[in-house]
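For reference, the structure is listed below as C-alpha cells.
The values are calculated or read from the model by the stated rules, or taken from the named source; none is laboratory data. The model shown is predicted, which means the values in this text are computed figures rather than measured ones. Glycine also receives a Cβ, built like all others from the backbone with ideal geometry; neighbour counts cover every protein chain displayed. When the accessible area is computed, the model is the full protein with side chains, heavy atoms only, and any ligands, DNA or RNA have been set aside. Shrake-Rupley method; radii C 1.70, N 1.55, O 1.52, S 1.80 Å.
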Amino acid sequence: MLVKVFVTPRRDILDPQGRAVEQSLKSLGFKNVSDVRIGKYVTLNVEASSPEQARAEAARMCEQLLANPVIEDYRFEVENS
Amino acid sequence: MKWGVIRFPGSLDDGDALWALGEVMGQEARALWHKDETLGGAECVVLPGGFSYGDYLRCGAIARFSPIMRAVARFAAEGGLVIGICNGFQILCEAHLLPGALTRNRSLSFICQPVTVRVENAATPFTCAARTGDLLRLPIKHGEGRYVAPEAELDAMERRGQVLLRYVDPRGEASDAANPNGSMRSIAGVANERFNVFGLMPHPEHAVERALFGQDGLKLFESIVLSRSSSRLGEESAAR
C-alpha cells in the first residue's frame, strides 16, 4: 500500500524558510500570499493486510522517526497501490 | 579520567575533542565507533559536532539509532555523564535524552562566529569549575542551532536550573541582537533533569589553546573532571 506522509513545522514554531519564500513570492507580485509553511513529503510502500494496519504502522513511523513531535505536525494518506 | 568520544559517519569535531581532552588536558581519551555496543569504560561520553549520517531527515535523527546510542541511553539512565556538542546536542534531543529540539537558524544562514555565553547555573557537573554569571567566549558553527521547546517546558526547565548557558552580549546581557540563531530565551546549552546529560551548540573543544581562540572551553571540561574526582572521593569514603 502506498503511504504519503506530510510533515510540516508546528504552527507555534517559527518557520524561517516559509517566511523567506513568502517574501520572495510577494516580491514577484503575489501580494495576496500569507502563511507559507515549508515541510517534507515522504512516500513509501508498506506491505499490509488492510488499510487500517497500514495506517497504524504509518502513525508509528511518524511518531518514531519521520516527524519530531516537538517541532513538527504530520498527517498521512494511505492508498491501495 | 576516562573519556569516550563517539565517531559517527559524518562526525567532524571528534579529532578536536580528542585533542582537547588527551593532548591539552592530559586525560585518557579514546574514540568510540558508532557500531560499538559498549562504551569501553568511559566515565564521560562526548558526542561531537559534525553532520552525522549527512544530517538526513533531521539533524541527529538517524544517528540516534546507531548501536552505540543504546549504550549511551543505558549509561545516561544509570547516571553516567554525557555531553553533546553541536550535532551531538541535536542527537541527544532526537534521542529524548534532552528536552527540546534544534531547528534552522532564524537567518537561514550557516553561522560561524565567536559568541559570548553566560553560565546560568554553576552547580552542575558540567559547569562547577565556573561561577554562575561567568562569561565564556566560544565559537559556534551551525545551520540548525535555534533551540525550541514548548513554553511551559521552558518555564519548568528554568525553574529547575536546566538552562546552563545563554547567549549574551560582551557585557553579559541577553538581547535579541546577541542571540545569533534565534534560540528561544537565548538558550545555548541545557541539561536534563538529573543534570548528567548536557548539550550545547558552542564548541568548547575549539577553545582550548591560548593561540587558537583562547581557553574558555576548558572550563566546561575541567568541570566534568572536577565533579568526577569529587564523586569518586565520595564513593571511596562511603566504601570505607
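Just a few scattered comments:
- Shape analysis of chain B yields a ratio of the Cα radius of gyration to the Kirkwood radius, Rg/Rh, of 0.94.
- Calculated from the alpha-carbon coordinates, the stretch B:1-72 shows an Rg and a Dmax of 11.9, 38 Å respectively.
- For the stretch B:186-201, backbone phi angles converted through the Karplus equation (6.51, -1.76, 1.60; θ = phi - 60°) give residue-by-residue couplings of 6, 6, 10, x, 9, 10, 7, 5, 8, 6, 10, 10, 9, x, 8, 7 Hz, Gly and Pro being listed as x.
- For the stretch B:2-239, the dipole from Cβ point charges (+1 on Lys and Arg, -1 on Asp and Glu) about the Cα centre works out to 220 debye, to the nearest 20.
- Placing dummy labels 7 Å off each Cα toward the beta-carbon, the span from A:GLU63 to B:LYS2 is 3.7 nm.
- Relative contact order for chain A, counting Cα pairs under 8 Å that sit 6 or more residues apart, in percent: 51 percent
- Each principal axis of the Cα cloud of the protein assembly as shown was taken in turn, and the coordinate range along them, longest first, works out to 67, 48, 35 Å.
- Ranking by accessible area, most exposed first, for A:GLU72, B:GLU235 with a 1.4 Å probe: B:GLU235, A:GLU72
- Using 0.36 nm per residue and subtracting the Cα-Cα separation, the extra length available between A:ARG19 and A:PHE6 on full extension is 2.8 nm.
- Ordered from highest to lowest accessible area with the whole protein assembly present and a 1.4 Å probe, B:PHE89, A:PHE76 read as A:PHE76, B:PHE89.
- Computed over the protein assembly as shown, the per-residue total of -39500 (n - 2.57) for DSSP H runs of n ≥ 4 gives a 222 nm mean residue ellipticity of -7500 deg cm²/dmol, rounded to 500.
- Farthest towards the positive end of the charge dipole of the stretch B:2-239, among the residues B:GLY10, B:VAL115, B:ILE62, is the Cα of B:ILE62, using unit charges on the Cβ of Lys, Arg, Asp and Glu.
- As computed over chain A, the Cα convex hull volume per residue (Å³): 105 Å³
- When B:ARG171, B:ARG64 are compared by accessible area at a 1.4 angstrom probe, the order from most to least is B:ARG171, B:ARG64.
- q = 0.21 Å⁻¹, the stretch B:78-150: log10 I(q)/I(0) [Debye, one scatterer per Cα]: -1.15
- GluC sites (Glu not before Pro) restricted to the stretch A:1-61 and DSSP loop, no more than 11 other C-beta within 10 Å: A:GLU47
- Basic side chains Lys and Arg get +1 at the Cβ, acidic Asp and Glu get -1 at the Cβ, and with that the dipole of the stretch A:2-79 about its Cα centre reaches some 400 debye.
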